[in-house]
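Take a look at the structure set out below.
Just so you know, all these numbers are worked out from the coordinates, no wet-lab data involved. What you see is a predicted model, and the numbers here were worked out from it, not measured in a lab. Every residue, glycine as well, gets a Cβ built from its backbone with ideal geometry; the counts of neighbours run over all protein chains shown.
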Amino acid sequence: MIRLLLMCLFIASSTHDIHFTKTTLDYNEETKTLQVVMNVFTDDLELAIESVHDGLELEIGAENQHELTDSLVGAYVLDHLMFKNNYRNIEFDFIGFEYDYDICYIYLESQPFTPILCGSNTIGVRMFYELFEDQENVCDLNCPFWDTEFIFTKHFGSLHRECDY
């Protein structure tokens, strides 16, 4: 149901009153990495990055797109995603992003790690809270130690789970 709602919302026009992102994290048993795909509205991403860089105009997807766009997008998303397995920070690498009209698809991959199946796990997706009071970040987590879907808000920006079985 959430996926159908998200698909309908992403089809909405480029001017939108709803502020949300969709993040999917899948654990790859073969590479022992978390593979991340984030779907974000392009104008929200531009606004977030431009708001901390006076005079910067990214113009994602335009012929005159700023030459530092890739590194600025990477820095922003890496700063706003957090994942811990058994109290250990899992580091991510920015792979890149694709632009499709008003949506950006952002790709990240964690450094390889062997998950601790029982213990403490924390995840946080904190994108665009500095811009929008009503921002929601939908997260779909598919891991052997935690398989769930949830929505982060400005007042509930991360989720922590203890497992002791």
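Just from the alpha-carbon atoms, what are the Rg and Dmax of the range 54-151 in angstroms?
Every Cα atom of the range 54-151 included, Rg and Dmax give 15.7, 49 Å.
Quickly work out the Asp70-to-Tyr99 label distance, labels modelled 7 Å from Cα along the C-beta direction, and quote it in nm with one decimal.
Result: 1.4 nm between the two label points.
Sorted from fewest to most neighbouring beta carbons within 10 Å, what does the list Asp70, Asp17, Asp102 look like?
Listing Asp70, Asp17, Asp102 from fewest to most nearby Cβ atoms yields Asp17, Asp70, Asp102.
Among the aspartates and glutamates, select those whose C-alpha is under 17 Å from the C-alpha of Lys32, and discard any that sit fewer than 8 residues away in the same chain.
Glu91, Asp93, Glu109, Asp147
Compute the FRET efficiency between Lys84 and Asp17 as 1/(1 + (r/R0)^6), taking r as their Cβ-Cβ distance and R0 = 35 Å, and round to the nearest 0.05.
0.55
Which lysines have a Cα less than 16 Å from the Cα of Lys154, not counting those fewer than 8 places away in the same chain?
The qualifying lysines are Lys22.
Read phi for every residue in the range 52-62 and hand back ³J(HN,Hα) as whole Hz from Karplus 6.51 cos²θ - 1.76 cosθ + 1.60, θ = phi - 60°, with x for Gly and Pro.
Rounded to whole hertz, the list is 10, 10, 3, x, 7, 10, 6, 6, 4, x, 7.
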